[in-house]
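See below for the structure under consideration.
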Amino acid sequence: MDEVVSQILEKQVLSAAKAVEDKIDEEIAALDRLDPDDIEALRERRIQQMRRAAERRAKWCAQGHGEYAEVPEKEFFAAAKASERLVCHFYRDNWPCKVLDKHLSIIAKQHVETRFIKVHAEKAPFLTEKLRIVVLPTLAIVKNAKVEDYVVGFDELGGKDDFSTEDLEERLAKSEVIFLDGEGSAFAAKQAAASKRSVRQSDTGNSSDSE
């Protein structure tokens, strides 16, 4: 039974790899058919895309994106209005909150499209009451100046403090406050590495069978 399942999985992986290969071949063939004017137009379009991306990134960085920083209670609403996507960690000085700090520091650098901040809950009584923050740590997920979701404690992360950065990253992506296909995404990098390993393992398995 295990051998049959293994063979099915191997065929699926090889089929997926073949589809990717065919797609690349199609793109190469399409480029070969382009004349110089088409290539120049594509180049100009790409330059414009890169310029817009650089301008957007510069704007985000000017708003505090790309780093994980503490803000006082009175600055929370200004931060929420300034950034389209924001994650706020309501914390106190305890071990669970320190665990989240570690992961959020990493994710903040990887996902410049979102701002990451922290607020000391005990120093923000008005805010914690308004947002009904009871359990610490709690992540408030803010989009377009509105709190749309919460991650309370570690219940959605396996219930323990040994969850990975990728686990938290995936949870935040479910709320669409970060993009998993971002250039620095740990989750995307992990998925790509796993896919490459699967293809390599399948290739190794095929060569063994043929010997």
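The values are calculated or read from the model by the stated rules, or taken from the named source; none is laboratory data. Since this is a predicted model, take the numbers as computed values, not measurements. Note: ideal-geometry Cβ built from the backbone for every residue, glycine included; neighbour counts use all protein chains shown. Accessible surface areas use protein heavy atoms only, side chains included; no ligands, DNA or RNA. Shrake-Rupley method; radii C 1.70, N 1.55, O 1.52, S 1.80 Å.
In the stretch 161-170, the qualifying residues are those that are within 17 Å of the chain's Cα centre (by Cα) and within 14 Å of VAL99 (Cβ to Cβ), and the one that is surrounded by the most Cβ atoms within 10 Å (Cβ to Cβ) is LEU168.
Does ASP22 qualify as being open to solvent by less than 80 Å² (accessible area, probe 1.4 Å), of a type in the set (Asp, Glu) and farther than 22 Å from ARG132 by Cα? So ASP22 fits the description; yes.
If you go through the stretch 108-127 one residue at a time, how many are touching a strand residue (DSSP E or B) at 6+ places or on another chain (Cβ under 7 Å) and within 16 Å of GLY66 (Cβ to Cβ)? Before you say what the answer is, go through the steps one by one.
Step one: list which residues in the stretch 108-127 are touching a strand residue (DSSP E or B) at 6+ places or on another chain (Cβ under 7 Å), which gives 108, 113-121, 127.
If we keep only those that are within 16 Å of GLY66 (Cβ to Cβ) as well, we get 108, 113-118.
Looking only at that region, the number is 7.
May I ask you to list the residues in the stretch 69-87 that are open to solvent by less than 40 Å² (accessible area, probe 1.4 Å) and under 16 Å from the mean Cα position of the chain (by Cα)? Selection gives ARG85, LEU86, VAL87.
Are any residues in the stretch 115-134 assigned to a helix (DSSP H, G or I) and of a type in the set (A, V, I, L, M, F, W, C), and if so, which ones? Result: ALA121, PHE126, LEU127.
Counting only helices (runs of 4 or more DSSP H) wholly contained in the stretch 10-114, the ones carrying 2 or more residues that are farther than 22 Å from ALA124 by Cβ and not hydroxyl-bearing (Ser, Thr, Tyr) occupy 36-62, 95-110.
Note on the stretch 120-149: residues that are open to solvent by 70 Å² or more (accessible area, probe 1.4 Å) and over 17 Å from ASP101 (Cβ atoms) amount to 9. Taking residues in the stretch 100-113 that are of a type in the set (Asp, Glu), and partners anywhere that are surrounded by fewer than 17 Cβ atoms within 10 Å (Cβ to Cβ), the pairs with Cβ atoms closer than 7 Å and at least 6 places apart or on different chains are GLU113/PHE179.
Filtered by the rule that a residue be open to solvent by 70 Å² or more (accessible area, probe 1.4 Å) and touching a Phe, Trp or Tyr at 6+ places or on another chain (Cβ under 9 Å), the stretch 150-160 gives a lone residue, LYS160.
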